[in-house]
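A short reminder: the numbers here are calculations on the coordinates, not readings from a lab. The structure displayed is predicted, hence computed values, not measured ones. Please note: Cβ atoms are built from the backbone with ideal geometry, for glycine as well, and neighbour counts cover all protein chains shown.
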Amino acid sequence: NAGVTQTPKFQVLKTGQSMTLQCAQDMNHEYMSWYRQDPGMGLRLIHYSVGAGITDQGEVPNGYNVSRSTTEDFPLRLLSAAPSQTSVYFCASSPWGDSRNEQFFGPGTRLTVL
Amino acid sequence: AQTVTQSQPEMSVQEAETVTLSCTYDTSESDYYLFWYKQPPSRQMILVIRQEAYKQQNATENRFSVNFQKAAKSFSLKISDSQLGDAAMYFCAYRYPGGNEKLTFGTGTRLTIIP
C-alpha cells in the first residue's frame, strides 16, 4: 500500500492564481481531511469528507473548495491564492465511525504564495 | 469548544536520559481519545501513542508512555532512553465521538536531543 499520497510536494504561486492540491489514499478509508500547518499554530482542519459525495467545512475553510467524487481522491482547490494561504498542507485519512482510529497523514505540500 | 495546550515550545534532553512533554486540554465530553504525534524534519506526521479516556491505565509503547490525568485534563508524554532519532516536533491531539473525527491539535513542542 502507498498509504496517503500528496502532489505536489512544493509549489510557488502568485497572488490570484488558482491551483489544486491532490490527495489520494489506497486504504479504502471513508474519512478524508485537509489540514494546514502554520508556525506556532499546530494543524487546523480546513475541510473533511466522510465518503464520496459528502464534504463539510472545518475550522478554516475560507478560500478553499473540495469535492469527493471517489473514495480514493480528495483534492483541495485554491480558487484565488492569497499570501495568507502560504502554509504546509496535509491530507489525512482514516476509517469512519470510531474516534480511536489512527489518522494516516500524507507527506505534506509546502505552498508559498507571493 | 475543545482546546489543546502545549506550554513548552521547546525542550531539550541529553541522549539516553528521560524527558516529559506536557499537554493539557479542555473538554466537556466524558468519552474521547488523546494522541501524541511526532513530526521529524521529513515533515511526516507519525502516531506515537494513543489513550482512550475511559481507560484508567496509562498507555505505553516501548520507550514512550503517557501520564493521563482525566480529572486534571492532563496528558503528558514521557520518552525514556532518549535517542537522536527522537528529535522532532511533538503534537498532542484530541478527538471525540460525534466530533466528525476532527483532530484538535496543540501548538507543538520541538524536542532537541543533545549527544
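B:LYS38: which aspartates and glutamates have alpha carbons under 12 Å from its alpha carbon, excluding same-chain residues fewer than 8 sequence positions away?
Within the straight-line limit of under 12 Å, B:LYS38 reaches these aspartates and glutamates: B:ASP86.
Between A:THR86 and A:ASN28, what is 0.36 nm times their sequence separation minus the Cα-Cα distance? Round to one decimal in nm.
Length gained between A:THR86 and A:ASN28: 17.9 nm.
Please get the size of the charge dipole for chain B, origin at its Cα centre, with Cβ charges of +1 on Lys and Arg and -1 on Asp and Glu, quoted in debye to the nearest 20. Walk me through the intermediate numbers first.
On the way: 11 positive and 11 negative charges, 35 e Å.
That gives a dipole near 160 debye.
Near B:LYS70, which aspartates and glutamates are there with a Cα under 18 Å away, not counting those fewer than 8 places off in the same chain?
The reachable aspartates and glutamates, counting only those whose Cα sits under 18 Å from B:LYS70, are B:ASP26, B:GLU29, B:ASP31, B:GLU52.
Averaged across A:98-106, how many Cβ atoms of other chains sit within 10 Å of each residue's Cβ atom? Please report the intermediate quantities before stating the final value.
Numbers: counts 3, 14, 8, 4, 4, 9, 3, 8, 3.
The mean count of partner-chain Cβ atoms within 10 Å per residue comes to 6.
Once you compute Rg and the Kirkwood Rh from C-alpha atoms, what is the Rg to Rh ratio for chain A?
0.95
Could you work out the per residue convex hull volume over the alpha carbons of chain B, in cubic angstrom?
Taking only Cα atoms, chain B has a hull volume of 95 Å³ per residue.
Treating only the Cα positions of the protein assembly as shown as identical point scatterers, give the base-10 log of I(q)/I(0) from the Debye formula at each q in 0.12, 0.15 Å⁻¹.
Results for the protein assembly as shown at q = 0.12, 0.15 Å⁻¹ read -0.66, -1.01.
How much length would be gained if the chain were fully extended between A:TRP96 and A:LEU79, taking 0.36 nm per residue of separation minus their Cα-Cα distance, in nm to one decimal?
Values: separation 17, 0.36 × 17 = 6.12 nm, distance 2.87 nm.
Full extension from A:TRP96 to A:LEU79 adds 3.3 nm.
Order by neighbour count: B:SER28, A:SER99, B:SER74, fewest other Cβ atoms within 10 Å first, most last.
By the 10 Å Cβ count, ascending: B:SER28, B:SER74, A:SER99.
Report the convex hull volume per residue for segment B:50-115, counting only C-alpha atoms, in Å³.
It is 106 Å³ per residue.
Peptide A:72-83: average number of partner chain Cβ atoms within 10 Å per residue?
Working: counts 0, 0, 0, 0, 0, 0, 0, 0, 0, 0, 0, 0.
Partner Cβ neighbours, averaged per residue: 0.
Among all the aspartates and glutamates, which ones have a C-alpha under 18 Å from A:LYS9's C-alpha, if same-chain residues fewer than 8 places away are not counted?
A:ASP38, A:ASP73
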